[in-house]
């Protein structure tokens, strides 16, 4: 529990350190009305430790008054209340007020930071509860793990490790790999790294993840042209049309990172090597994945979801067609009606799990909009584990989504799990390198990842265009 409260304290500290201060009486009153976070959720978050703290705030100091998670939510709500007051004045002003505009933008930025910190905390809790990142682990193969640790720390018994890595269930995971490309990490290390990626990758969090042991993943589709008809009891049954079949292959590309460490750290028995490797590779792996899942061209990497949008490079790739677009109604900016239109255009069967996917700048622009009834279409989180919403639909911040601009796809809306598949080949390979950068020891770490759209129908794209 200590690590859980430390996590919450670190996140909350950032909120109190932000440049815009809000009335503490309002914060205290709002905090007292907020629901208490379930102990189970905090216990789950504890498993992730301080490593789950948002990177942007990791350098800030602790404050004793920031240990209550309810205060984080109260800060957000207090800021949003002040934002609405200031923005209402801006909208009703007869002249452009530079000072008021700057105030609105400053509070808007603060709200984005508050919400991001809460989203990171929510992701940590969700990943821990679903993926068991912090669960007490039972070693799947103690003998192999012992060989692996000896090799990782000291370079011992490489011959024995090579032989063991090609035996049993690991043989299938290394088939087709370069024999000098490294040795398969223990399953517990694989699980730790994958869990960390799920925590910080918004597309991976929400997409379907398919684990494979072969070179790729294949899905067969039919064109739905199945004939049928009504007949009487004794009437003849003429032959009906036979559906045509199409095949889509989702191949994997190699993703790598090459962290270095001193020999002294490696030989320190107190250093958790599994955690160290996860810390080192998560930044590079997540950065590359986030870009590829959105805009990858499929050349030794996943096919990005944006490439399947109408007019995109893969618009004709899927047998069911492209991801359809909804336009904003303006050639260069967002409109509030566009968010309502894209929701209404999505098939109702996929609405229960549908969410908005957009970057922080786009969320910031949407935060200023009101609907026809004068209500703000963006609303903040009102409890831990509950995301912010636009027109009542959950919001997922995806940093690499395009900014608002003429012709840009500024947002996606739909059921990501029913639309996009991430293909993970089981197994992470690590090659120990003592020669490249003496006196440091490098660990060339690779995994194979693919992805693509397996059903475009549950997703819609919001395009900045007049028509």
Want the number for residue 466 to residue 81: 0.36 nm per residue separation, take away the alpha-carbon distance, what's left?
-> 135.3 nm
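Place the peptides 355-361, 213-219 in order of packing, highest mean first, counting for every residue the other Cβ atoms within 10 Å and averaging per peptide. Please list the in-between numbers first.
Values: 355-361: 21.0, 213-219: 14.1.
So the peptides 355-361, 213-219, ranked by packing, come out 355-361, 213-219.
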What distance in nm separates the simple spin-label points at residue 438 and residue 300, each placed 7 Å from Cα in the Cβ direction?
-> 3.0 nm
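Tell me, 230, 378 in order of fewest to most beta-carbon neighbours within 10 Å? Please list the in-between numbers first.
Working: 230 5, 378 24.
The fewest-first ordering by Cβ neighbours comes to 230, 378.
May I ask you to give the average projected area over all directions of the convex hull of the Cα atoms of the range 218-288, in nm² rounded to one decimal? All intermediate terms of the calculation are to be shown ahead of the outcome.
Values: hull surface 40.6 nm².
Here the figure is 10.2 nm², rounded to one decimal.
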Between the range 272-311 and the range 200-255, how many Å separate their Cα centres?
-> 25 Å
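Here, each number is a calculation from the coordinates, and none is a lab measurement. If you're wondering where the values come from, they're calculated on a predicted model, not measured in any experiment. Ideal geometry is used to build each Cβ from the backbone, glycine not excepted, and the neighbour counts take in all protein chains shown.
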